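Here's the structure we're looking at; comments come further down.
The values are calculated or read from the model by the stated rules, or taken from the named source; none is laboratory data. What you are looking at is a predicted structure, and each value in this text was computed from that prediction instead of being measured. Don't worry about glycine lacking a Cβ; one is built from the backbone with ideal geometry, like all the others, and counts go over all protein chains shown.
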Amino acid sequence: MDLPMIIMILRKMTRKKNSADNNNLITINPNHNLVNLNKLDASKLKSKPLYIHHSLLKDKDIILKNYKFVSGIYLLHNTINGKQYDYINKLLRFFPFIALKNNFPKNKEFNTNSNNKPESSLKPWNITGFTDAEGSFVISVNKRSDYSLGWKVRSSFQIGLHIKDLPLLLDIQQFFKGIGYITVDNKANTAYFYVVKPEDLVTYIIPHFKTYPLFTKKHIYFILWEKIINIMINKKHTTLKGLNEIISIKAGLNLGLSKELLKAFPDIKQFSRPDIKIKINPINPDWLAGFVTGEGSFTCGTAGNSFRARFFITQHSRDLELLEAIKDYFTVGRISKSGSGFNYAVESYNDCFNYIIPFFSKYSLPLNSFKSYNYNIWIKIIDLMVKKEHITPEGKSLIFSLMSELNKYR
């Protein structure tokens, strides 16, 4: 069955202005974006397409050959029961360069039909676990001569991932009711979900993490970040006292102060970080599934003539207690020092089969994540090893093939 999508090559594409790199962020013109296939009429588009391909798979070779370095690639597609993320996953797998040339700012969904909005597949604790792994609570203070105090304060919640996880970012955005926007950087192969409006941060982001609190030390940064948001909401950041308070709190965040801020505010004393005992136990399984989506790895390699399949999580030494709680939760594996951090690893394929796979069978990784794609390959390898087929020529060949697929998109 072919993908129910259309790919179009248009004459024009609009560019999103960005002071850092004006050529990396590409914005789809909303006049061409997200047309319902059921009533597709190309004549209604303001810019006529040069080419239309109704079948992505059938025309795959042509598309790869002719359009790999062409700007102006747009996707139009319908939805089935309001869901289309599986198709986007397949699209990224077949045509990753297409996604690199597209950006979805302030898009709440891949569908213009407001009466047919897809629901997020993510659970609240999934979001918190994934944020513990990949999210950031950011406060930027930049010199601006057009501001009364000479400084602009900006707050944001953001998650940055490889482009292959764009469908997951869209799902996260949908979980938060479509707020924020998503950008794609085609040089760095990254996609970012940003929430910057103070009212969105106060209405959606802060209440979520108060109800479903973070388990890593990031929880302390969230508390400091929230203090700054409250200062901004009350407009106190426009006063010198409020700005100094923000600089003091920002000094306690993980990135601290830039050289520019240290020079401009030499007398600022760092705000004392709250001495909070983060409640780690008991581990929430949905949180763990989200956390592993960001920080976990399912790998298989060779050691001599043997295969080595394992599951592991790496963390900074400040979150060693969390790794120990995860180890206690699974009841198998070991923790070892790794550079400035620690690894929790389950290296026995029997333990992986008896403990790790049953957990993720019950508390699944987000379906739109690339980690889920890798996990489904990995469990096939574990299954072959448990059945002792990895010692047969046919089994070895199959495992090498699966390993190639597992490592293909790293």
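Considering only residues that are under 25 Å from residue 391 (Cα atoms) and touching a residue at least 12 places away in the same chain (Cβ under 8 Å), look in region 306-331 and name the one that is surrounded by the most Cβ atoms within 10 Å (Cβ to Cβ).
So in region 306-331, the residues under 25 Å from residue 391 (Cα atoms) come out as 306-312.
With touching a residue at least 12 places away in the same chain (Cβ under 8 Å) added as a condition, the list becomes 307-312.
Numbers: 307: 20, 308: 13, 309: 25, 310: 21, 311: 27, 312: 18.
Filtering first and then ranking leaves 311.
Evaluate the following for residue 340: is it surrounded by fewer than 16 Cβ atoms within 10 Å (Cβ to Cβ) and over 25 Å from residue 279 (Cβ atoms)? It would help to see each step written out before you state the result.
On the way: surrounded by fewer than 16 Cβ atoms within 10 Å (Cβ to Cβ): yes; over 25 Å from residue 279 (Cβ atoms): yes.
Taking the combined requirement at face value, the residue satisfies it.
Mind checking which residues of region 147-185 are within 20 Å of residue 265 (Cβ to Cβ) and free of Cβ contacts under 8 Å to residues at least 40 places away in the same chain? I'd like the intermediate steps shown before the answer.
Quick first cut of region 147-185, residues within 20 Å of residue 265 (Cβ to Cβ) only: 147-155.
Result: 147, 150, 152.
Would you mention how many residues in region 173-194 are hydrophobic (A, V, I, L, M, F, W, C), at pLDDT 90 or above and either assigned to a strand (DSSP E or B) or at positive phi (or both)?
Filtering region 173-194 down to residues hydrophobic (A, V, I, L, M, F, W, C) leaves 175-176, 179, 182, 184, 188, 191, 193.
Subsequent filtering for residues that are at pLDDT 90 or above retains 175-176, 179, 193.
From what is left, the residues that are either assigned to a strand (DSSP E or B) or at positive phi (or both) are 193.
Within region 173-194, residues that are hydrophobic (A, V, I, L, M, F, W, C), at pLDDT 90 or above and either assigned to a strand (DSSP E or B) or at positive phi (or both) number 1.
Is it the case, given these coordinates, that residue 201 is part of a helix (DSSP H, G or I), within 23 Å of residue 170 (Cα to Cα) and within 21 Å of the chain's Cα centre (by Cα)?
Numbers: part of a helix (DSSP H, G or I): yes; within 23 Å of residue 170 (Cα to Cα): yes; within 21 Å of the chain's Cα centre (by Cα): yes.
The answer is yes for residue 201.
Taking region 150-172, which residues are at pLDDT below 90 and either assigned to a strand (DSSP E or B) or not basic (Lys, Arg) (or both)?
Going residue by residue through region 150-172, those that are at pLDDT below 90 are 162-171.
Answer for region 150-172, where residues must be at pLDDT below 90 and either assigned to a strand (DSSP E or B) or not basic (Lys, Arg) (or both): 162, 163, 165, 166, 167, 168, 169, 170, 171.
Could you list, ordered by first residue, the pairs with Cβ atoms under 7 Å in which the first is in region 333-348 and within 21 Å of residue 382 (Cβ to Cβ) and the second is part of a loop (DSSP other than H, G, I, E, B), at least 6 apart or interchain?
Once the first residue is within 21 Å of residue 382 (Cβ to Cβ) and sits in region 333-348, its partners that are part of a loop (DSSP other than H, G, I, E, B) give 344/333; 345/333; 346/332; 346/333.
Considering 214, 224, 288, which residue is closer than 23 Å to residue 131 by Cα and in a loop (DSSP other than H, G, I, E, B)?
Details: 224 fails: in a loop (DSSP other than H, G, I, E, B); 288 fails: in a loop (DSSP other than H, G, I, E, B).
Unique residue meeting the criteria: 214.
Could you tell me which numbered condition residue 302 fails, if it satisfies all but one of (1) buried (at least 16 other Cβ atoms within 10 Å of the Cβ); (2) touching a Lys or Arg at 6+ places or on another chain (Cβ under 8 Å); (3) β-branched (Val, Ile, Thr); (4) more than 18 Å from residue 129 (Cα to Cα)?
The single condition residue 302 does not satisfy is (1).
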